[in-house]
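The values are calculated or read from the model by the stated rules, or taken from the named source; none is laboratory data. Note that the coordinates shown come from a computational prediction; the quantities given were computed from them, not determined experimentally. Using ideal geometry, Cβ is built from the backbone for each residue, glycine included, and neighbour counts are taken over all protein chains shown.
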Amino acid sequence: MITVYRSLLRLYPAEYRRVFGEEMLAVLSEECDQLASRRSLARVRLFLREAGGLIGGAVREQLRGFLQIEQELSFTTGRFAMRNGFRFPISTIIFMALILGCVLTAIKKGQDIASSVPNVNPPLPIHIQPVHSILLGGMPLFFGFFYAAGLIGWAILYALRRSGVHRLADVSTAPK
Amino acid sequence: MSLYDMSCKDTMESLPLTEPVLLILLSLAGQPMHGYAILKDVERMSNGRVVLSTGTLYGAIRRLLDDDWIERFEEKETPRGRQAYRLTSQGRRNLQMEIDRMKHITRLATLRVATKES
């Protein structure tokens, strides 16, 4: 069990492992010792709880490291709380709702006009491709491009973090 | 705004505490404890209802250390991997604020329920 826990601890950021890794392993091994004489079902339950806790904790710490989001996820109570730094501004929600309302109204108006004058435009001799088909054709390309750009950005950030370059900001050249 | 006001504002934003965090702080209120002792104390205090995993416990400990609510307690002869923690004065103050908040709610709830029943 301890070997599995040790492997799961590798999912945590290196800095976190350096500070808490040994303590966590000590706690886990104490728990295993306490359960050594108990039934195998209790041991399985402990293993599942601890493995789940380690994976969840690792995800939280990695997210915190990458995005610098201070989020508090408590899987025990199911509560999810965010701090002020990541709060969605209420004005944004209002503007988004307003824009959505305008778009829906414009669509409705357009449909009303189209249905009130059905044959106002004579058929054209040449075939014009509808604009939405052009847009739909270009959409996957558009999303693919930005998805790739996002992946490249993430890879660069990940490589920088792994290299430890962000710690250079903490280096002081002058004696304290 | 003074530093004290800012600290109070931060504390108020952190309240109410989640149950695991409250129980961790309560277990450290009496004496310094190391990780395994905290786990067992939390389980005992909640009558087995809250069983923390090591990952969850150390996630909470990391946040509480960052926020300066708890601190490492240096013991004379600490075995390897058994680091003890204790409440800071700020942590104790915040815990007291949370207890006061809960007392107020309990009082209010008792009063309202009693009024309704009568």
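Numbers below:
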| item | result |
| --- | --- |
| B:Arg62 vs. criteria free of Cβ contacts under 8 Å to residues at least 24 places away in the same chain, surrounded by fewer than 21 Cβ atoms within 10 Å (Cβ to Cβ), of a type in the set (Lys, Arg) and within 11 Å of chain A (Cβ to nearest Cβ) | yes |
| From the options B:Arg93, B:Arg101, B:Arg86, B:Arg82, residue that is touching a strand residue (DSSP E or B) at 6+ places or on another chain (Cβ under 6 Å), farther than 20 Å from A:Asp33 by Cα and in contact (Cβ under 8 Å) with a residue 40 or more places away in the chain | B:Arg86 |
| Residue that is farthest from the other protein chains (Cβ to nearest Cβ), among those in segment A:2-16 that are in a helix (DSSP H, G or I) and loosely packed, with under 12 Cβ neighbours inside 10 Å | A:Thr3 |
| Any chance A:Val19 is surrounded by fewer than 19 Cβ atoms within 10 Å (Cβ to Cβ), part of a helix (DSSP H, G or I) and at pLDDT 85 or above | yes |
| Matching residues in segment A:50-97 - criterion: being modelled with pLDDT under 50 and more than 9 Å from every other protein chain (Cβ to nearest Cβ) | A:Gln71, A:Gly78, A:Phe80, A:Met82, A:Gly85 |
| Residue check for A:Leu41: more than 9 Å from chain B (Cβ to nearest Cβ) and at pLDDT below 85 | yes |
| Subset of segment A:27-38 [within 12 Å of chain B (Cβ to nearest Cβ) and of a type in the set (Gly, Ala, Ser)] | A:Ser29 |
| Complete set of residues in segment B:39-98 that are under 20 Å from B:Thr18 (Cβ atoms) and assigned to a loop (DSSP other than H, G, I, E, B) | B:Ser46, B:Asn47, B:Gly48, B:Arg49, B:Val50, B:Val51, B:Leu52, B:Ser53, B:Asp67, B:Asp68, B:Trp69, B:Thr88 |
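So that you can scan it fast, the table gives a plain yes or no per residue for (1) under 27 Å from A:Tyr12 (Cα atoms); (2) basic (Lys, Arg); (3) within 14 Å of chain A (Cβ to nearest Cβ); (4) exposed (fewer than 12 other Cβ atoms within 10 Å of the Cβ):
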| residue | (1), (2), (3), (4) |
| --- | --- |
| B:Asp67 | yes, no, yes, no |
| B:Lys76 | no, yes, no, yes |
| B:Arg86 | yes, yes, no, no |
| B:Ser89 | no, no, no, yes |
| B:Leu95 | no, no, no, no |
| B:Ile99 | no, no, no, no |
| B:Lys103 | no, yes, no, yes |
